[in-house]
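All remarks here apply to the structure that follows.
The values are calculated or read from the model by the stated rules, or taken from the named source; none is laboratory data. Predicted model, so just to flag it, every value in this text is computed and none were measured. No Cβ is skipped: glycine too gets one built from the backbone with ideal geometry, and neighbour counts run over all protein chains shown. Protein only, heavy atoms only, side chains kept; ligands, DNA and RNA dropped before computing areas. Shrake-Rupley method; radii C 1.70, N 1.55, O 1.52, S 1.80 Å.
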Amino acid sequence: MSTLLYITAHPLDHQASYSLAVGKAFIDAYREAHPQDNIVHLDLYKLGIPYIDADVFSGWGQLRSGAAFDKLSDAEKSKIAKLNELVDQFVAADKYVFVTPLWNLSSPPVLKAYIDAICIAGKTFKYTETGPVGLLNGKLALHIQARGGMYSEGPAAALESGHSYLVKILNFMGVTQVDAIFVEGMSAFPDKAEDIKQKAIAQAKEKAAQFSLAGKA
């Protein structure tokens, strides 16, 4: 049995969001193809992810100096406990599906807050004399991203910073098997928007059946 984190970063629902519509098609097909797996949905807009702020830095500093956790302030304890919960959950999972739109060439800010919560030295990567090394080897990820324009190729390809950043940070943490489904061009070609979505949904259903780790169903 594998654990899959279904991580969504969109404030709307699957009826109003192209990325979530494709994500729903994927997860429904995945659940049917892998009934033994544990699927956990993380709606980043509802998680209340703490920012890395003064309370977090202060609490981390005290803990590194040997202070007991219960000696921290209430704000420090609350934020650090939530961050620990999120990173431990991420480490324990086997597969990840990220569902995001492309906003202003990047991703919604809640995704960056989540990445800050899980990209933690000693948990998902470590420092060595030859540089940082990822600790999440052997895991699998998929990014479903909706884009109003065309960014897979052509002059706008170099501007895309959402998927490219996610791939880099996952690779940094040791997750090197990262696939993608792009739903793009709906704003550029509104008359083809429904066809674009349906094509991506078909692709998502196909990938769902194949989304397995070596040695695991």
Task: Identity of the residue in the range 61-93, of a type in the set (A, V, I, L, M, F, W, C) and open to solvent by 70 Å² or more (accessible area, probe 1.4 Å), that ends up nearest to Leu47 (Cα to Cα) - done: Ala92
Task: Matching residues in the range 97-153 - criterion: being in a loop (DSSP other than H, G, I, E, B) and of a type in the set (Lys, Arg) - done: Lys123, Lys139
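For the range 154-173, which positions are part of a loop (DSSP other than H, G, I, E, B) and either farther than 25 Å from Ala92 by Cα or open to solvent by 30 Å² or more (accessible area, probe 1.4 Å) (or both)? So that I can check it myself, show each step before the final result.
As a first pass, look at the range 154-173 and keep what is part of a loop (DSSP other than H, G, I, E, B): 154-156, 160-162, 173.
If the condition is that a residue be part of a loop (DSSP other than H, G, I, E, B) and either farther than 25 Å from Ala92 by Cα or open to solvent by 30 Å² or more (accessible area, probe 1.4 Å) (or both), then Gly154, Pro155, Ala156, Glu160, Ser161 are the ones that fit.
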- [ ] Tell me, yes or no, whether the range 35-53 has at least one residue that is within 22 Å of Ser164 (Cα to Cα), in contact with a Leu (Cβ under 7 Å, 6 or more places away or on another chain), at pLDDT 95 or above and not β-branched (Val, Ile, Thr).
- [x] yes
Task: Answer from Ala141, Ala93 - the residue that is touching a residue at least 60 places away in the same chain (Cβ under 8 Å) and within 14 Å of the chain's Cα centre (by Cα) - done: Ala93
Open item on the list: The conditions are (1) within 18 Å of Leu102 (Cα to Cα); (2) surrounded by fewer than 17 Cβ atoms within 10 Å (Cβ to Cβ), and Val183 fails exactly one of them. Which is it?
Closed with: (2)
TODO: Report, ordered by the first and then the second residue, all pairs with beta carbons closer than 6 Å, sequence separation of six or more or different chains, a first member in the range 165-188 that is on the phi > 0 side of the Ramachandran plot, and a second member that is open to solvent by less than 60 Å² (accessible area, probe 1.4 Å).
DONE: Gly174/Gly134; Gly174/Leu136; Gly185/Ile196
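Scan the range 38-45 and give yes if some residue there is open to solvent by less than 20 Å² (accessible area, probe 1.4 Å) and in a loop (DSSP other than H, G, I, E, B), otherwise no. Break it down into steps so the answer makes sense when it comes.
Restricting attention to the range 38-45, the residues satisfying the condition of being open to solvent by less than 20 Å² (accessible area, probe 1.4 Å) are 42, 44.
From the residues that got through so far, the ones that are in a loop (DSSP other than H, G, I, E, B) too are 44.
Yes: the range 38-45 contains one or more residues that are open to solvent by less than 20 Å² (accessible area, probe 1.4 Å) and in a loop (DSSP other than H, G, I, E, B).
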Open item on the list: Exactly one of these conditions fails for Met1: (1) at pLDDT 95 or above; (2) not in a strand (DSSP E or B). Give me its number.
Closed with: (1)
